[in-house]
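To start, the structure itself, in structure tokens.
The values are calculated or read from the model by the stated rules, or taken from the named source; none is laboratory data. Since the model is a prediction, treat every value here as computed from it, not as a measurement. Counting neighbours? That spans all protein chains shown, and the Cβs are built from the backbone with ideal geometry, glycine included.
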Amino acid sequence: MKNRGGGSAFKIAAFLLPVGVLFAAFFLYPFVFTLFASLTRWRGIGAMRFIGLGNFGRLLGDPTFRLAIRNNVTWALAAGFIQVPLAALVAILLARRPRGWKVLRTVYFLPNVISTVALAMVWSALYNPQYGFFNGLLKLAGFEARNFLGDPSTALLSVIISSVLYIGYFMIILLAAAMNIPQELYEAAKIDGASAFQQEFLITVPMLRGTLVTSITLAMAYGMRHFEATYLMTGGGPAYATTTMGIDLFLKMDALRYSEASAAGVILILLGTVVIVAIRKILGNKDPMSEAGQ
Amino acid sequence: MKKSRSTGGFRVGAALAVLLKWIVLAFFLAVAVLPLLWLVLNSFKTNLEIQSSPFSLPEKPGFINYVNAMAMADLPRLFLNSVIVAVGTVFLNLLASSMAGFVLAREAWKGRETVRTVLEAGVLVPILAFMVPYFTLVTRLGLYDKLFTLVLVYAAINVPVSIFLVTSFMRAIPKEMEEAAIIDGCSFVQRFTKVVLPLSRSGLVTAGTFCFIYAWNEFLMAMLLTSSISARTIQLGIRFFTSQFITDYAGMFAAIVLSILPSVLAYVFLHNKIIAGLTAGAVKG
């Protein structure tokens, strides 16, 4: 009688099966396959020939791929140390519940539900040398029009700006954490004569530390895998100025250089993991909220 | 004298801080909204107006650009494809995730925590590193250039997020609810369909919304795994609009506006669920 309504091993396995198949086919198998294919010489047809670490040596010696790594690091730094601090600033302001804060929170996140394709096309149009918004402003101010995305000296910066100013995702995470801070802390500080500014710096920021580290880690991990907006706005150009590891991988795959593309994938996964581990080591993941027993 | 001057200084400082606060909030409001407003505005202009006066309002706003876009670019077909893929993804993902979530949250068995951790760790995997195996797997299985393939891939990619959301919702259901159902003679499957599933509806809606928005917006895998109009999605459609109609910017802007409507509408109606889902992840850290 004990097991009435309970699951036998068979029933439990049956319920896990659909997720198991999807996860095995699109997470576990690709992971093992990528590791394996990166050690071979293979162009998609015929047998894979084991060649050891040759693909990695070739990739790391390739100036384009090294530039791609450098650009991904730039993206990671911009996301972690510009996007997240801006998101934290807005979250701290909204946590005081100014008039309309709920509407603002909702609108700040709106761009995050719009496809990168649409946003990239809009930003390409905004940067357009003939009819774009920014060149309209430049012309009004009496300057010459610029080809922001076509000029190697401004292309990377232009794409990064179009992306890091969308703070919605990290703002929502940080705002939720900021609103979880016990109100008594602020009241005690007020009695001790702390100004609003001091309260934010001495209470909010330290209490947000754990969530900030998580946000910076996530943002940098996303920066290391950045692909879409750049691919859509510049295709990695001009002259590879904006290329990233993902774009390099895609172009290698397009050229049927499957094993080198796989090696690029391994490096992408590896560097992403290194960033996650390193940031948590450097910044520490001590979370005052979890210490307070929350 | 001295006292009043210092309070005066304090007042100026406080007023300045309030002003700065609203400047910051207004700036990010502009960043979020202005590009989209500019897009909508341009979708109602003529091509000549777009080229000659980027800041002006449309002279005779009309839906001619929208009519042109719908007529010219296989747009209705691509739109329909996207609807099929997004709805299919939500259905398949929720079916699989809720079944697995049920045994992960409501049954005790050996290895459960390991399985849950491995599934949830999938969030950290950069999917774009898997372009080669996804492509070769799909072509070998004869699934290249099929709408169903995108459903399969998108449902799989969303498994980690959905498992996290659904499992944490199902865990919060009080044990007594199920115990009462068992006494009433509910079987294992009925516990799932009659008790746990209805009680975790809120979590399923959140997970489903994330799936829908992801499937609607995804670009890379759609580009990689499809090639013909019968299997391509709206994102590819607007992406390649430029090469098709190099001069018709107004039509292109109208097509983009149409393409973002479904996810914007989903957000308008379900933003509370989305924000709750994001913060559920944040609290866990």
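Is at least one residue of the range A:38-50 within 10 Å of chain B (Cβ to nearest Cβ), modelled with pLDDT of 90 or more and surrounded by 13 or more Cβ atoms within 10 Å (Cβ to Cβ)?
yes
May I ask you to say which residue of A:L28, A:L35, A:L17 is touching a residue at least 60 places away in the same chain (Cβ under 8 Å), more than 7 Å from every other protein chain (Cβ to nearest Cβ) and either of a type in the set (G, A, S) or in a helix (DSSP H, G or I) (or both)? Spell out how you get there, then give the answer.
Details: A:L28 fails: touching a residue at least 60 places away in the same chain (Cβ under 8 Å); A:L17 fails: touching a residue at least 60 places away in the same chain (Cβ under 8 Å).
On inspection, the qualifying residue turns out to be A:L35.
How do the pairs read when you match residues in the range B:173-184 that are closer than 10 Å to B:R106 by Cβ with residues anywhere that are among the β-branched types (V, I, T), using Cβ under 8 Å and keeping only pairs 6 or more apart or on different chains?
B:I173/B:V195; B:I173/B:V196; B:E178/B:V195; B:E178/B:V196
Please go through the range A:154-180 and give me each residue that is free of Cβ contacts under 8 Å to residues at least 40 places away in the same chain and in a loop (DSSP other than H, G, I, E, B), ordered by number.
Correct list: A:T154 only.
From B:A86, B:A129, which residue is crowded, with 21+ Cβ neighbours inside 10 Å and in contact with a Cys (Cβ under 9 Å, 6 or more places away or on another chain)?
On the way: B:A129 fails: in contact with a Cys (Cβ under 9 Å, 6 or more places away or on another chain).
Criteria check complete, one pass: B:A86.
Would you check which residues across the range B:172-227 are among the small types (G, A, S), touching a helix residue (DSSP H, G or I) at 6+ places or on another chain (Cβ under 6 Å) and at pLDDT 90 or above and list them? Let's see the steps before the verdict.
Residues of the range B:172-227 that are among the small types (G, A, S), as a first pass: B:172, B:180-181, B:185, B:187, B:200, B:202-203, B:207-208, B:215, B:222, B:227.
Of the ones still in play, those that are also touching a helix residue (DSSP H, G or I) at 6+ places or on another chain (Cβ under 6 Å) are B:181, B:200, B:203, B:207-208, B:215, B:222.
Matches in the range B:172-227: B:S200, B:G203, B:A207, B:G208, B:A215, B:A222.
Tell me, which helices (runs of 4 or more DSSP H) wholly within the range B:23-122 include 2 or more residues that are farther than 23 Å from A:W123 by Cα? If you could, list the steps in order and put the result at the bottom.
Working: elements: B:47-52, B:64-72, B:75-106, B:112-121.
By residue number, B:64-72, B:75-106, B:112-121.
Name the residue, out of A:G210, A:G235, A:G272, A:G265, that is within 13 Å of chain B (Cβ to nearest Cβ) and closer than 30 Å to A:A125 by Cβ.
Details: A:G210 fails: closer than 30 Å to A:A125 by Cβ; A:G272 fails: closer than 30 Å to A:A125 by Cβ; A:G265 fails: closer than 30 Å to A:A125 by Cβ.
After ruling out the rest, the residue left standing is A:G235.
Of all residues in the range B:197-243, how many are surrounded by 22 or more Cβ atoms within 10 Å (Cβ to Cβ) and more than 29 Å from A:R225 (Cβ to Cβ)?
Selection size over the range B:197-243: 1.
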